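Structure, as structure tokens:
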Amino acid sequence: MSSEWPAESPDIAGHAKQAVAWTAGLQFFRDVVQFGLTLALVRMLPVEAYGQFGLLTTLLTFFTYYSFREFLGYTLQARGNEDVHYQDHFTAGTVIQLVIVVAVNLAALTFRWMPAYAPVATVLHVMSLLFVIDLPAEFRTRMLEREMQWPRLRVLQGVGFVAGGVLSLAMALAGLGTWALIVPTLIVPLPFVYDLFVTARWRPTWAFSWDRFRPAWRFGLTRLLTLTFVAIAAVMESMTLASVLGFALLGIFGRAIGLAQLLCGRLATLLAIAIFPVLTRVPRASDAFRRAGGLYLRVVAWTVIPAAVLAALLADPIVRALYGSRWVNAIPLVPWALAAAAFAAIAQTAYTVLLASGQQRACAIADAWKMVGILGALALALPAGPTRYLAAVSAVQFVALLVVSRLLWKSEGMAKPALFEALAPAVVSAATAGAALWATGVLSPQQVPTLGAAALAVPLFATVYVAVLRLLFGGALREVVGHLPRARALSRVLLLA
């Protein structure tokens, strides 16, 4: 991210820029496709389908936490040109994935005897195939990330995403309900399987050495301990929401969360995928690492905070335009869902920097706090309704951000002013831009925004937001723009020297 990289890795800054450029391009492409797909699916599928989809997604994510992915993640942690022993990883991964497949099917059999969860049992059986496909797909993904082949990586992701979207639409037209939302995820990783075995002609030899694999095993076990906290919180949240709210109301709740993730969480997630392999190549606790991590945190905060503020102001027309009148009950949930998603995105960014610095135990502390916070919110806030629960989750995510930042300071992974430099300019500029919408009469507290008002509000908000950044925080903005694609052109537009 910063141009001042250590002499032993002079091309890292260039790789970081390329990673961000390709990630941004894929993000834009996916959002356009997802926008059209969402417009169609929410009008074709019943509300209950989205509730069941939310539960299934959480369950599959839970089992993914305990899959071979965390052991394979060691290949990105290795600095320099260390041999990562791919054959050992593939052999070990095969054994781990077979165990996961059995566990998923046992869970599905258990659900058949539980009336609240029986509707998803058959689908869960089928989705156990995902863990078979995930082995070569994720294996190829890590290869490309370590080699920093961003164009190839993002093209393969784009092809899989489009293929899954087409299948989802076809299954929805056939009236297959929840199947149309979850089964297409089996298609998304297939381009990576093809690229590994056909294009790259890679073949497993089933070789394995415990001495070579031991460091990856230790790394993976530490990560599994950490992710256990995340898994417990996620599963308890999903199953409690399904039990308390029912699948119909859970579908409404999920649409509010989905909108918030689309506007605040998607970019942060994709940037984490792009930037993490680059950060792991920078010496830990170095000035270069701290500069890169601080700039990364600033970019995410400056993006998600204005997106959350503007979308909260325009929640009504956004929900009606995207989902239709059937989903208006999601409108009151959207502002708090956006707040939770924004804080979560910034906290996850800081967490990514912490993990890239090799602080696995510190990551476990952060995840333990989030687990306690989520479980507390379920027990204390959910009985008062989903809105109160989302407000509590927002507070949990904000405190998680403070906890991770503190851990980063202690490990010398980030400079102390970094969090303030990320949050303060974004909050001040977004608040000023929001006030400008009220002052100019584009939005009114007494009236629900219309689509016409929303069309005027977006460019006005963006203009004021960038103008305040330019006038009050010009130096920090100049540093961010200097590391973006087309930096010179952007600098001229913003009148930056």
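The values are calculated or read from the model by the stated rules, or taken from the named source; none is laboratory data. Quick caveat: nothing in here was measured; it's all calculated off a predicted structure. Positions of Cβ are generated from backbone atoms using ideal geometry, with glycine treated the same way; all protein chains shown enter the neighbour counts.
Just a few scattered comments:
- Cβ pairs under 9 Å, 6+ apart, first in region 194-219 and touching a residue at least 40 places away in the same chain (Cβ under 8 Å) and on the phi < 0 side of the Ramachandran plot, second aromatic (Phe, Trp, Tyr) and outside any helix (DSSP H, G or I): LEU196/TRP202
- Residue count for region 127-166, restricted to those that are closer than 14 Å to ILE273 by Cα, free of Cβ contacts under 8 Å to residues at least 60 places away in the same chain and among the polar types (S, T, N, Q): 2
- Subset of region 20-74 that is out of contact with any Leu (no Cβ under 8 Å at 6 or more places or on another chain), surrounded by fewer than 20 Cβ atoms within 10 Å (Cβ to Cβ) and among the polar types (S, T, N, Q) - its residue that is modelled with the lowest pLDDT: THR58
- Hey, LEU224 surrounded by 21 or more Cβ atoms within 10 Å (Cβ to Cβ) and under 30 Å from VAL120 (Cα atoms) or not: no
- Candidate set: region 391-419, residues that are of a type in the set (A, V, I, L, M) and touching a residue at least 60 places away in the same chain (Cβ under 8 Å); chosen: the one surrounded by the fewest Cβ atoms within 10 Å (Cβ to Cβ): ALA415
- Set ALA274, ALA260: member being among the aliphatic types (A, V, I, L, M), crowded, with 22+ Cβ neighbours inside 10 Å and either at pLDDT 85 or above or outside any helix (DSSP H, G or I) (or both): ALA260
- Test: residue in region 450-464 that is closer than 26 Å to ALA356 by Cβ and free of Cβ contacts under 8 Å to residues at least 24 places away in the same chain: no
- Residue in region 133-144 that is aromatic (Phe, Trp, Tyr), surrounded by 15 or more Cβ atoms within 10 Å (Cβ to Cβ) and farther than 13 Å from PHE192 by Cβ present: no
- Any hit, region 153-163, residues being surrounded by 16 or more Cβ atoms within 10 Å (Cβ to Cβ), within 20 Å of the chain's Cα centre (by Cα), under 30 Å from MET371 (Cα atoms) and of a type in the set (D, E, K, R): no
- Cβ pairs under 8 Å, 6+ apart, first in region 226-242 and assigned to a helix (DSSP H, G or I), second of a type in the set (Asp, Glu): THR226/ASP367; LEU227/GLU70; LEU227/ASP367; PHE229/ASP367; VAL230/ASP367
- Any hit, region 387-398, residues being hydrophobic (A, V, I, L, M, F, W, C), at pLDDT below 95 and farther than 30 Å from LEU249 by Cα: no
- Filtered residue count, region 353-373, keeping only those that are modelled with pLDDT of 90 or more and under 21 Å from ALA260 (Cα atoms): 1
- Summed over region 440-497, the residues that are within 30 Å of PRO417 (Cα to Cα) and exposed (fewer than 13 other Cβ atoms within 10 Å of the Cβ) give a count of 10.
So that you can scan it fast, the table gives a plain yes or no per residue for (1) hydrophobic (A, V, I, L, M, F, W, C); (2) over 23 Å from GLY160 (Cα atoms); (3) part of a helix (DSSP H, G or I); (4) touching a Cys at 6+ places or on another chain (Cβ under 7 Å):
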position: THR58; (1), (2), (3), (4): no, no, yes, no
position: GLY93; (1), (2), (3), (4): no, no, yes, no
position: ALA103; (1), (2), (3), (4): yes, yes, yes, no
position: THR110; (1), (2), (3), (4): no, yes, yes, no
position: ILE133; (1), (2), (3), (4): yes, no, yes, no
position: GLU138; (1), (2), (3), (4): no, no, yes, no
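- Qualifying residue in region 356-365 (condition: out of contact with any Ser or Thr (no Cβ under 8 Å at 6 or more places or on another chain), in a helix (DSSP H, G or I) and surrounded by fewer than 24 Cβ atoms within 10 Å (Cβ to Cβ)): yes
- One residue from GLY434, GLY452, GLY413 being in a helix (DSSP H, G or I) and within 27 Å of the chain's Cα centre (by Cα): GLY434
- Meets criteria (without any contact (Cβ under 8 Å) to a residue 60 or more places away in the chain and crowded, with 21+ Cβ neighbours inside 10 Å) for ALA422: no
- Which numbered condition VAL353 misses (of (1) over 17 Å from LEU419 (Cα atoms); (2) touching a Phe, Trp or Tyr at 6+ places or on another chain (Cβ under 7 Å); (3) among the β-branched types (Val, Ile, Thr)): (1)
- In the condition set (1) modelled with pLDDT of 85 or more; (2) under 17 Å from LEU72 (Cβ atoms); (3) not aromatic (Phe, Trp, Tyr), LEU190 is compliant with all but (2).
- GLY164 vs. criteria assigned to a helix (DSSP H, G or I), at pLDDT 90 or above and under 21 Å from PHE35 (Cβ atoms): no
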